[in-house]
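Reading through the structure tokens given below for one structure.
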Amino acid sequence: MLFQILMFSMLFLYLVLIGSFFIGFRKMPVFLEKEMVPRIGFSLVVVYRNEAENLPELLNSIVALEYPRELFEVFLVNDHSEDASVGICERYANDFPEIRFQLLNAESSLSPKKDAIFLAAGKARFEYLAITDADCLLPSQWLRNFDQLLQEESPVLIAGPVGFRHAMSASFSEAFEEIDFLSLQGSTIGGFGMNKPFLCNSANLCYRKSAYLHLQQQRRDLGIASGDDVFLLQHFLQHQLPVSFIKSEKSIVQTGFQKSFQQLFWQRVRWAAKTSAYPDAFGKIVAIVVFFTNLMTVTWFFLAVFQFWKFQLGIGVILAKFLVDFLLIAVTSKFFGRKAVLASYWWAAVIYPFFSTAVALRSVFGGYYWKGRPFKR
């Protein structure tokens, strides 16, 4: 009896939490572009490791940015690449002298991306750092929209939406990854909409350099390999600094899928490994509620199958979770123009609790591999 009370209590908390994100997503206002004279200077930072396959598309999108060349520069920081990545960056720097490309080499460290961004920040000419990943495509209005929001509201940090580049037909792994990612994006936007931001993505991020450098000495996450985005957001919030989300289709940064289900698993383990170190209590609560709800969903499934629990009751509990998840993913997929992916939702929703539970347990009891290197938790 006590076990059932705990399970229903956790389910209730989960339904309230995801329902709140759904409401927050709907409340978050859509960003309306205006014709404004660009005023803000940006230092773009890209950290790359073995990204020869992706860098040309990213660099082409940087060259195509509709923003005055004198108001941005680009730092390309090499994290010990072993392919042709460095040569590609050098070629673009030579072919487009009107853009101030700066090529840097990161030092070996326990947290290579964080240290690489810090290296670039120390050399940046401009007050705002615009961060993206090497496997991304930037929209042409990317910097213009950051500039407008900074002129209108002056936030210390701006988070932006991230979606996927799409082929004609998605594989099983890609469809599952997109459903999972839409839930994360929905939670991110919903958190901002309910004035409880706790997530962001470094594929689409902008923040004030002086505030970032000021917090460096106070941060306790610098020895953790991942989290260059979420930890910074939560530290800014702890210091009561204003943050914003730019909910605009013209600000969506497109990223690539993981190449295999195994790579997706390790990426999610890397993301999950940092949650216990969140400085923000709300972020920890969300992680705990989501983990135990998925764990209990798996437990309910086996209890129902082996008839330790009424089958109808177990199915009812699972359906309640699936339906509230569907509401959030549906409204998010509409914003990203990806309603077609909802056809994969039901089978992905069946697999997800097992996948999520395995990811969480692996992140707690072991390290992970990323870009060919092992990392400790």
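The values are calculated or read from the model by the stated rules, or taken from the named source; none is laboratory data. A quick note: this is a predicted structure, and the numbers were derived from the prediction, not measured. So basically every Cβ, Gly included, is an ideal-geometry build from the backbone, and we count neighbours across all protein chains shown. All accessible areas refer to the heavy atoms of the entire protein, side chains included, with ligands and DNA or RNA removed. Shrake-Rupley method; radii C 1.70, N 1.55, O 1.52, S 1.80 Å.
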Q. Pairs under 8 Å by beta carbon, first residue free of Cβ contacts under 8 Å to residues at least 40 places away in the same chain in the stretch 36-58, partner part of a loop (DSSP other than H, G, I, E, B), six or more apart or different chains?
A. Ala52/Ser81; Ala52/Asp83; Ala52/Ala84
Q. Which condition number in (1) under 30 Å from Glu107 (Cβ atoms); (2) touching a Pro at 6+ places or on another chain (Cβ under 6 Å) is the one that Asn60 fails?
A. (2)
Q) Among Phe118, Phe146, which is at pLDDT 95 or above and within 21 Å of Leu237 (Cα to Cα)? A) Phe146
Q.
Any residue in the stretch 317-344 that is at pLDDT 95 or above sitting within a Cβ distance under 8 Å of a residue that is open to solvent by 20 Å² or more (accessible area, probe 1.4 Å) and not in a helix (DSSP H, G or I)? List the pairs, counting only those 6 or more apart or interchain.
A. Phe336/Ile252
(Q) Could you check the stretch 110-125 and list, in sequence order, the residues that are open to solvent by less than 50 Å² (accessible area, probe 1.4 Å) and either among the aliphatic types (A, V, I, L, M) or in contact with a Pro (Cβ under 8 Å, 6 or more places away or on another chain) (or both)? (A) Ala116, Ile117, Ala120, Ala121, Ala124
Q: With the condition kept exactly as written, say whether any residue in the stretch 74-92 is at positive phi and outside any helix (DSSP H, G or I).
A: yes
Q: Please verify whether the stretch 17-25 includes one or more residues that are surrounded by fewer than 17 Cβ atoms within 10 Å (Cβ to Cβ) and part of a loop (DSSP other than H, G, I, E, B).
A: no
Q. Got at least one residue in the stretch 89-98 being among the hydroxyl-bearing types (Ser, Thr, Tyr) and modelled with pLDDT of 95 or more?
A. yes
Q. Is one or more of the residues making up the stretch 126-146 open to solvent by less than 10 Å² (accessible area, probe 1.4 Å) and farther than 23 Å from Gly256 by Cβ?
A. no
Q | Long-range neighbours under 6 Å by Cβ, at least six apart or interchain, first residue closer than 17 Å to Asp229 by Cβ and modelled with pLDDT of 90 or more within the stretch 279-292, second surrounded by fewer than 19 Cβ atoms within 10 Å (Cβ to Cβ) and of a type outside the set (Ser, Thr, Tyr) | A | Phe282/Lys196
